Amino acid sequence: HRAAPAPEHRSAIVEAEWLFRLLFLNNSLHALHHERPSVPWSRLPALYRAEADAVVQRNGGYLVRGYASVFATYLFRRREPVEHPYRRRIDP
């Protein structure tokens, strides 16, 4: 997930390798799951392949090309600020 004003832009699509897709039960297709929560996890890959361009467009282009790129980029640094950027601060 990421902080984004539009809720549909908050969940990533990770074009994961088969082992990670199996290990995480296709959670890498998180944005598609949020769009269609009633679709069984085993059918998400075929649905994604059929609608990949449209799904990525609807989630604001939040696409990651595999978990290896996530590890390489963020293993030793944070991805987002600790405090959520859309949290309203209430000063006493």
Exercise. Mean separation of Cα pairs under 8 Å and 6+ residues apart, divided by the residue count of the range 1-86: what relative contact order is that in percent?
Worked result: 36 percent
Exercise. Given +1 on the Cβ of Lys and Arg, -1 on the Cβ of Asp and Glu, and no further charges, what dipole in debye does the chain carry about its Cα centre, rounded to the nearest 20?
Worked result: 200 debye
For this session: Calculate, in nm to one decimal, what ARG43 and TRP18 gain on full extension: separation in residues at 0.36 nm each, minus their alpha carbon distance.
Result: 7.6 nm
For this session: Leaving ligands, DNA and RNA out of it, rank HIS34, HIS9, HIS1 by accessible area with a 1.4 Å probe, largest first.
Result: HIS1, HIS34, HIS9
Exercise. Residue-wise, which Karplus ³J(HN,Hα) couplings in Hz belong to the range 12-19, taking 6.51 cos²θ - 1.76 cosθ + 1.60, θ = phi - 60°, and x for glycine or proline?
Worked result: 7, 10, 10, 7, 7, 5, 4, 5
For this session: Per DSSP H run of at least 4 residues, take -39500 (n - 2.57); add these up for the chain, divide by its residues and hand me the 222 nm value, nearest 500 deg cm²/dmol.
Result: -10500 deg cm²/dmol
For this session: Leaving out ligands and nucleic acids, note down the accessible area per residue over the chain with a 1.4 angstrom probe, in whole Å².
Result: 75 Å²
For this session: Using +1 at the Cβ of each Lys and Arg and -1 at the Cβ of each Asp and Glu in the chain, identify which of PHE71, VAL55, PHE24 lies farthest towards the dipole's positive end.
Result: PHE71
Exercise. Which percent of the accessible area of the chain is formed by carbon and sulfur heavy atoms (probe 1.4 angstrom)?
Worked result: 58 percent
For this session: Above 18 angstrom, tally the Cα pairs of the chain and express them as a % of all pairs, no decimals.
Result: 50 percent
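The values are calculated or read from the model by the stated rules, or taken from the named source; none is laboratory data. Quantities reported herein were computed from a predicted structural model and do not represent experimental measurements. Reconstructed Cβ throughout: ideal geometry from the backbone, glycine too, with neighbour counts over all protein chains shown. SASA here: full protein model, heavy atoms, side chains in, ligands and nucleic acids out. Shrake-Rupley method; radii C 1.70, N 1.55, O 1.52, S 1.80 Å.
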